[in-house]
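What follows is one structure encoded as structure tokens, with my remarks underneath.
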Amino acid sequence: MMFESLDHQPALWFTLVFCALLILNLGIKTWLASRHIKHVALNRPTVPAAFSAQVSQAAHHKAADYTLSKARFGLLDMAWNSSILLGWTLFGGLSAVNEWSTGVAQSLGWTSPNGIAVQLILLSGFMVISSLLELPVSAYQTFVIEQRFGFNTMNLQLWLTDLAKSTLIGAVIGLPIAALILWVMGATGAYWWLWAWGLWMGINLLLLLIYPTVIAPWFNKFKDLDDEALKTRVTALMQRCGFTSKGLYVMDGSRRSAHANAYFTGFGAAKRVVFFDTLLQKLSPTEVEAVLAHELGHFKHKHIIKRLVTMFASSLLGFALLGWLAGQTWFYMGLGVAPNLGVPNDALALLLFVMVIPLFTFFVSPVMSYFSRQHEFEADAYAKQQTNAQDLSSALLKLYEDNAATLTPDPVFVAFYYSHPPAAQRLAKLQV
């Protein structure tokens, strides 16, 4: 989007709206976290009656302490992220990087009518600085909180190796995608946002296809499930449920974390079933079967397709909104960035939109969380039909305990953030 002149009138109003939303978001998130901290701390001394026979006092205390540590650090992280957002916008950070990228492109002779080279330098500079600002948070979470509670199994070398691999993959895949989207934004006229949305959706589907075989092996080792008895049991379950996959795999999750999990990955004919090695170590074969039945419940109820459709629809609205905002000078200036005159501002529009839109979508998160929890209940009900409900209950309780998930979360915090039902609600429904 190019501008020949700047309109200063509505910018102040948008600045005020932005500041009000930032304060409101920060205030609500702080209130929610404080409620959660108080509620978990208040219930720390005693194991809830419903779990007193299965969960030890020590395990309950660990879950509470782990939750409190993450929540308290989350308050600092929240303040840090808000400061970064202000730094990029009203304090001039993005404007400075924008000017720098223009200077770099000119000094290298990388100038063109559509300005894609300049915009790619801007995007790259933004991503590098943002990643550096996030490193202390990631390091503290991994080597302090996760380490303290016995979950981290990574050393510094592996952590840095993962960081290097992520950066390389991000550059190799991300920069060409960014260049293509920027070209579409500049070359397809007033309805560029519709073309860009179609391109973005196609790229996401392609990544779902190639992730299991091309990207994931860069970070983890996958081997065929070699436990024949378990393989036979799982295969029979999948046949009963009408599910086909490219294979059953075990991932070396213990290389990085003691947390356990299982998941489906891929899309269409590329679907795979992946078990963390930690999961197979902690659960019995019947419990593993019950956990997989739950995942198959998502498949049977078409939850994945429903989420994809929701993502498609919400992203279409997002691109349409971006298409309008990109042409409004007050959008840039209200966020502390003077748009370039006579040259494209598409990368600026993208970055500002991505940074600011969470302030608006935060208020929709309780609705999305609610539907996600309902999907989990539906998947549990399906697993209950296909396997023994007691096996699923015992498996879930083991996972809650091994992952140090609190049994006493604050109900309002759950409503806003929890994509999965808390243990008490989930296990109670399985007993009906």
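Every read-out reported here was derived from the displayed coordinates using simple, explicitly stated rules and does not represent laboratory data. Note that the structure is predicted; figures quoted are calculated from it, not measured. Using ideal geometry, Cβ is built from the backbone for each residue, glycine included, and neighbour counts are taken over all protein chains shown.
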So, by mean Cβ neighbours within 10 angstrom, what's the order for 36-44, 156-164, 59-67 with the highest one leading?
-> 59-67, 36-44, 156-164
Counting alpha carbon pairs within less than 8 Å and at least 6 residues apart, what relative contact order, in whole percent, applies to region 45-432?
-> 21 percent
Can you sort His298, His420 so the residue with the fewest Cβ neighbours within 10 Å comes first?
-> His420, His298
Give the peptides 90-99, 288-297 in descending order of average Cβ contacts within 10 Å, highest first.
-> 288-297, 90-99
Between region 323-360 and region 71-85, what's the alpha-carbon centroid distance in Å?
-> 24 Å
Per its Cα gyration tensor (rounded if a/c is under 1.5, else prolate when a/b beats b/c, else oblate), region 218-331 is best filed as prolate
Considering the dipole of the chain built from charges on the beta carbon (Lys and Arg +1, Asp and Glu -1) around the Cα centre, which of Asn155, Met185, Phe91 is farthest to its positive end?
-> Asn155
Of the listed pairs Lys271/Lys302; Lys246/Lys300; Lys223/Lys398; Lys70/Lys282; Lys165/Lys306, those with alpha carbons more than 22 Å apart are Lys223/Lys398; Lys70/Lys282; Lys165/Lys306
Projected onto the charge dipole of region 45-432 (+1 at Lys/Arg Cβ, -1 at Asp/Glu Cβ, origin at the Cα centre), which of Tyr211, Ser369, Ala236 gives the Cα projection farthest towards the positive end?
-> Ala236
Net lengthening on full extension, Tyr211/Ser254 (0.36 nm per residue, minus Cα-Cα) | 13.4 nm
Ascending count of other beta-carbon atoms within 10 Å, so fewest first, for Cys241, Cys19 | Cys19, Cys241
Could you tell me the distance between the Cα centroids of region 170-249 and region 286-317, to the nearest Å?
-> 15 Å
Relative to the Cα centre, what is the charge dipole magnitude of the chain, using +1 at the beta carbon of each Lys and Arg, -1 at the beta carbon of each Asp and Glu, and rounding to the nearest 20 debye?
-> 860 debye
Multiply the residue separation of Leu133 and Val17 by 0.36 nm, subtract the distance between their alpha-carbon atoms, and state the gained length in nm to one decimal.
-> 39.2 nm
Plugging the Cβ-Cβ distance of Gln425 and Lys62 into 1/(1 + (r/R0)^6) at R0 = 22 Å yields, to the nearest 0.05, a FRET efficiency of 0.55
Cα-based shape type of region 114-253, given that a ≥ b ≥ c are square roots of the gyration tensor eigenvalues and the cut on a/c is 1.5 | oblate
Dipole-positive endmost among Gln106, Val274, Pro421 within the chain (Cβ charges, Cα centre) | Pro421
Quick one: give the max-minus-min coordinate of the C-alpha atoms of region 45-432 along each principal axis, largest first, in Å.
-> 69, 47, 40
Inter-label distance, nm, simple model (7 Å from Cα along the C-beta direction), Leu160/Asn403 | 3.2 nm
In nm, give the distance between the simple-model label positions of Ser83 and Ser372, each being 7 Å from the Cα along the Cα-to-Cβ direction.
-> 2.8 nm
